[in-house]
1. Going through segment 347-361 one residue at a time, which ones are crowded, with 21+ Cβ neighbours inside 10 Å and assigned to a strand (DSSP E or B)?
2. Is it true that residue 187 is at pLDDT 95 or above and in contact with a strand residue (DSSP E or B) (Cβ under 9 Å, 6 or more places away or on another chain)?
3. Of the conditions (1) touching a strand residue (DSSP E or B) at 6+ places or on another chain (Cβ under 9 Å); (2) assigned by TED's automatic domain parsing to the domain that holds residue 513; (3) within 21 Å of residue 11 (Cβ to Cβ), residue 437 fails just one. Which one is it?
4. For segment 452-469, what are the residues that are surrounded by fewer than 24 Cβ atoms within 10 Å (Cβ to Cβ) and either in the same structural domain as residue 310 (by TED's automatic domain parsing) or in a loop (DSSP other than H, G, I, E, B) (or both)?
5. For segment 615-638, what are the residues that are part of a helix (DSSP H, G or I) and either in contact with a strand residue (DSSP E or B) (Cβ under 8 Å, 6 or more places away or on another chain) or more than 21 Å from residue 175 (Cβ to Cβ) (or both)?
6. Condition test on residue 12, is it over 28 Å from residue 157 (Cα atoms), buried (at least 18 other Cβ atoms within 10 Å of the Cβ), in contact with a helix residue (DSSP H, G or I) (Cβ under 9 Å, 6 or more places away or on another chain) and in the same structural domain as residue 373 (by TED's automatic domain parsing)?
7. Among the residues of segment 32-48, is any without any contact (Cβ under 8 Å) to a residue 40 or more places away in the chain, on the phi > 0 side of the Ramachandran plot and not assigned by TED's automatic domain parsing to the domain that holds residue 452?
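The values are calculated or read from the model by the stated rules, or taken from the named source; none is laboratory data. Note that this is a predicted model, so its numbers are computed, not measured. Cβ sites come from the backbone with ideal geometry, for glycine too, and all protein chains shown count toward neighbours.
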C-alpha cells in the first residue's frame, strides 16, 4: 500500500453546481481538476443520467450555467479569440446555448455588460435574469455604444495603477479591489435585446430568488459606509415596479421563493453578534411585514471542512411547497424541511458532509463526502442511499488512508469532539511524532471526512489529531459565542484534548509535537506558542496576531474586531480588550520555531498580521521563517493554484519534519 503524497491533490476531481433538469430526468454539474501545468483548474460541464456521467464541454473554463429547458443549457462564455478580445475591450458578454441531445455549444445572445451568471425567468422565458457588474463611474454602461464602452474601459484600464477609495468597502478576498464596481442585477429581453437594471449604483446585490413574475433580492446600501444589515426588495418584471419588503434590520443569510411564499433566513445579531445563527421568516404581502416561523438555532449549509472541496454549492431548494436546506449538526450534515407554518422536519441524516444537493420526484441528488472517500454523487430515495459516480476512486486506490478514531472529552463543561489518525505502518511498540491541526472559522467544524493534508502527515509517520473546540459550528449559538473569549476556553479545550490524546497513545513522543492551523486556526497557533512551549514546531497560516491592527482592514467589515472582542475601537477599555486577546502582546514568550504561511492578496486576514508577529519574534531572538505566496488569497489551501497548494504543503511538512522527526 502506497503513502498519500503531496502531488495527489492534483489528481482529485471536484464536482460542484449540481442541478436537476426541470423534469428531474437528468442532472448537470461542473467538475474541476488541476490543469496540466498546475497553474489553474480546468472546469467543464458534465451530464448525469442515471449513473452514467458524460462530459458536455471541453473548453476547460465553463462554470456558471442554467437550464433553459429540459434539454438545453445556457452559460456565460467567451470561446473564440475575438470574443475574448471584445469582452476585455468592450465589457461585452456572450451567452451560449448547449443542446443536451447532441451538438456543440453556440452563442445566442450578446449582452453589453460583464455578466457573471444567467437564469431564465420561468414565467416569461423571453426574459433572462443577469447577475453582473455595474460600473460605479458609469451606471448606464449598458446604454452606451460599442465605441463609448471601449473608451470607458480604456480610461478605466489607464487608472489601474491607482485606487481612489471613497467608501468603507474597498476589497473582497478573492475578488480584489471593489471601488470600481457593484454586484448588480439586470433583466435582459431576448426579443428586443434591451438590458434593464434592477438594482441601483448605491446598492450591492446579495442574493436573489424568483417568485412568479417578481424577483426578490437582498441588497446592502452603500453611502461611504456599507449597511451592516441588508434590505429585501421586490421587482416586478412585467411592470418595472420596485418595492422594499423588509428594512435593514437583519443580516440576511438566504432567501428563497417556494411557490407563492417567500422564505428568508436572517439574524439581528443582537445577542450573539455577527456569527449568530439565523431565524426563518416568511413574508406576508397582505400585511407588508415578515413573520418569524422558526428559530432552529442551526446554520444554513455545510460547515464541515475539507481541503478537497472546490467550487460553489447550493444549500437551499424548494419542493412540494416546502423549503429544504442543508445544515451542520455537531460534526455531520443533515437535510431539513420547513413548511409555511414553520414546522421543521429532518429529511435525511448523513454521517458525513453534504456539499450540494437538489431534489425532484421524491429523490435527493447530492455531492457528498463519505468517510474517507473523496467527493462523489449520491442519490437518496425512500431513505436508501446509492452511490452514482466513481470519479475519484482511483485517486485513493492502494493508498494508505487512516481511519479517524473519534474521542470525546469533557472540557469546561462542554463535550468536545475530536479525532486521531494513526500513522502509516503503526506499531504499538513504536514511538511517533504528532501534529495538532486546528480548524478555521472559528464557526466551522471538523468531521470524519477525508482531509488531504492530515492524511499526508499520517503517511509521513505522524499521529494527527484534531478537534472542535468551543466556538465551532454544529452545537448552537451558545457554544459558538466567542465574544471576549478568544484564547481562553478554546485554548483550554485544545490543551485538554492534547493531554487526552497523549494519555490514550503513549506511543506519541511528547517532545515531538507539532501544531498548525489556518485563519482562526492560525490565530490559535499564534496564541498557543505564546502560552506554552510543549510544541517542538508550529506552522501558522493566514493568521491574526493583533486585534487592534485588524480593525478596518478585513473584508469581513470594520466592526469585526469590535464584535469579536466586545469593545469599541474608540475607547480605552475596548482597545485593552483587543490587546488582551492578541498573541502579539505575549510574543516575548515564544520559544517554539514558527513558520508563517501567508498570501499577499489575503484580504480576510491581511498579510500584515503575519509580518508583525514574524518581525517581533526575530527581533526578540526567536526562530521563525515566513513564506509568502504572491497572487494568492485567503483560500490558498482550498482553492489556490495547484502548484502553490503543493508548495504550501511541502513547506509546512519540511518545517515540522525539521523539528519533530
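1. If the condition is that a residue be crowded, with 21+ Cβ neighbours inside 10 Å and assigned to a strand (DSSP E or B), then 353, 354, 355, 356, 357, 359 are the ones that fit.
2. Working: at pLDDT 95 or above: yes; in contact with a strand residue (DSSP E or B) (Cβ under 9 Å, 6 or more places away or on another chain): yes.
Criteria met by residue 187.
3. The number of the failed condition is (3).
4. Correct list: 460, 461.
5. Residues of segment 615-638 that are part of a helix (DSSP H, G or I), as a first pass: 615-619, 636-638.
615, 616, 617, 618, 619, 636, 637 - these are the residues of segment 615-638 that are part of a helix (DSSP H, G or I) and either in contact with a strand residue (DSSP E or B) (Cβ under 8 Å, 6 or more places away or on another chain) or more than 21 Å from residue 175 (Cβ to Cβ) (or both).
6. Details: over 28 Å from residue 157 (Cα atoms): yes; buried (at least 18 other Cβ atoms within 10 Å of the Cβ): yes; in contact with a helix residue (DSSP H, G or I) (Cβ under 9 Å, 6 or more places away or on another chain): yes; in the same structural domain as residue 373 (by TED's automatic domain parsing): yes.
Criteria met by residue 12.
7. no
Residues checked against (1) over 18 Å from the mean Cα position of the chain (by Cα); (2) buried (at least 18 other Cβ atoms within 10 Å of the Cβ); (3) not in a helix (DSSP H, G or I):
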position	(1), (2), (3)
252	no, yes, yes
264	yes, yes, yes
270	yes, no, yes
287	yes, no, yes
297	yes, no, yes
